[in-house]
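The values are calculated or read from the model by the stated rules, or taken from the named source; none is laboratory data. Just so it is clear, the structure is predicted and the values come from calculations on it, not from any experiment. All Cβ positions, glycine included, derive from the backbone under ideal geometry; neighbour counts span all protein chains shown.
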Amino acid sequence: MSRLLQIELKEFDATALNGTDQNFGSALSNPATKISVFNTSDVDCYVDCDTNVPFRMRIPANGTITFDESTLYYRGGDQEYYLPRNAQLTLTQVTGAGTEGSIIAHLVTRGLS
């Protein structure tokens with residue numbers, strides 16, 4: 001028996017940020033129901049996604065952002081997930097590469113059979 005809710009971890013060294021989209025870890029193995037992104041670096045960054053789902057966030061330096069069930073507008077069908085299975089998150093610099101720190105994401109995903 002597998003767990004219904006799983007946590008996927010994504011980490012990226014902020015000193016490697018550049019002006020092109022770079023993969024932020026591997027593609028999601030399941031749809032994401034909760035997302036927390038932490039930017040421990042000294043520069044802002046964009047977090048985006050390769051799907052047709054509108055998903056672009058600017059995470060300020062030393063900032064955090066969380067999406068969970070309290071921020072969902074409609075529950076039902078595909079609307080209960082922020083990101084679909086196999087979504088690939090990407091990172092892009094806003095003004096330049098960081099000199100220190102990381103971008104870290106914890107994504108709670110729902111294991112589907």
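Within the span defined as the stretch 98-108, every residue fails to be more than 13 Å from the chain's Cα centre (by Cα), at pLDDT below 90, within 30 Å of LEU4 (Cβ to Cβ) and not in a strand (DSSP E or B).
What are the residue pairs meeting all of these: first residue in the stretch 1-25, first residue closer than 10 Å to THR92 by Cα and outside any strand (DSSP E or B), second residue at pLDDT 90 or above and aromatic (Phe, Trp, Tyr), Cβ atoms under 6 Å, and 6 or more apart or on different chains? Sorted first by the residue in the stretch 1-25, then by its partner, the pairs are PHE24/PHE12. A search for C-beta distances below 7 Å between a residue of the stretch 40-55 that is in a strand (DSSP E or B) and any residue that is aromatic (Phe, Trp, Tyr), counting only pairs 6+ apart in sequence or on different chains, returns VAL47/PHE24; ASP48/PHE55; CYS49/PHE55.
Step by step: first the residues of the stretch 32-43, then only those that are buried (at least 18 other Cβ atoms within 10 Å of the Cβ), in contact with a strand residue (DSSP E or B) (Cβ under 6 Å, 6 or more places away or on another chain) and of a type outside the set (A, V, I, L, M, F, W, C), then the one that is nearest to GLN93 (Cα to Cα). Which residue is that?
ASN39
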